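Since every read-out is calculated from the coordinates, none of them should be taken as a lab result. Remember, predicted model here, so these are calculated numbers, not experimental data. As a convention, Cβ positions derive from the backbone with ideal geometry for all residues, glycine included, and neighbour counts pool all protein chains shown.
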């Protein structure tokens, strides 16, 4: 005979089946295991393994590493530092390091926006799509949107923001058919956008009303947002699409 405890287990299983059909149980398990996509805009991304954008990002990362050595030397002995731009950058970092949270992010956004004036690569260098590390940009005193973004990306790290909470995002304005680079900084689980065009730092879902995210850059490399076009490997289409970023 089947014991009373076995009959009770069978009855409970039937109740669960009626309330939550198997497909819903599986869906619930999948959702909880995946969770929220913890990236700006909450969208899936895929790694970019080749192309012009990746090459430019890796190059500027190497240049940033070189500049960090100078910043370390000047930071340790500012009286002997002969680099005006290094001291200028360290002053910006110092002003933010004493702050916390949104105030720290806002100070870097404000200081970099006011320090660099907007100018195209063509006007500055006589060529298009030049990506510069922070000290090189400060030496020029000007740059376009990705130069602002790179400077903020590095300055925020130097000011104490964890690199895992920072991204550079390239956005697409489909109405005006132009691309724009900003820094995304995570604060209390939300992603704030640091833009050279204004001092306000809106959240990613607010920016989504006007822009479509296409690429994400960070310490892990370059990723493409799902639904974005693939990167041509050998043509100049990518430089026209992403390289000629507006101010």
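Of all residues in the stretch 68-98, exactly one satisfies the criterion of being assigned to a loop (DSSP other than H, G, I, E, B) and in contact (Cβ under 8 Å) with a residue 40 or more places away in the chain, namely 83.
The residues listed here are 166, 192; of these, the one that is in contact with a helix residue (DSSP H, G or I) (Cβ under 8 Å, 6 or more places away or on another chain), within 22 Å of residue 213 (Cα to Cα) and free of Cβ contacts under 8 Å to residues at least 60 places away in the same chain is 166. Check residue 189 against each of (1) surrounded by 13 or more Cβ atoms within 10 Å (Cβ to Cβ); (2) at positive phi and name the one condition it does not meet. Exception for residue 189: condition (1). Filtering the stretch 46-60 to residues that are part of a helix (DSSP H, G or I) and either surrounded by 17 or more Cβ atoms within 10 Å (Cβ to Cβ) or touching a helix residue (DSSP H, G or I) at 6+ places or on another chain (Cβ under 8 Å) (or both) leaves 52, 53, 54, 56, 57, 60. Exactly one residue out of 182, 200, 161, 222 is closer than 24 Å to residue 93 by Cβ and in a strand (DSSP E or B), and it is 182. Please specify each residue of the stretch 165-179 satisfying the condition of being in a loop (DSSP other than H, G, I, E, B) and on the phi < 0 side of the Ramachandran plot. Within the stretch 165-179, 174, 175, 176 qualify.
Residue pairs whose Cβ atoms lie under 6 Å apart, sitting 6 or more positions apart in sequence or on different chains, and linking a residue in the stretch 50-67 that is within 15 Å of residue 155 (Cα to Cα) to a partner that is surrounded by 12 or more Cβ atoms within 10 Å (Cβ to Cβ), are 60/131; 60/133; 63/133; 64/133; 64/154; 67/133; 67/135. The set of residues in the stretch 119-144 that are touching a strand residue (DSSP E or B) at 6+ places or on another chain (Cβ under 7 Å) and surrounded by fewer than 21 Cβ atoms within 10 Å (Cβ to Cβ) comprises 119, 124, 141, 142.
Take the conditions on the phi < 0 side of the Ramachandran plot and not in a loop (DSSP other than H, G, I, E, B) and apply them to residue 130. Does it pass? Here the answer is no, as residue 130 does not meet what is asked.
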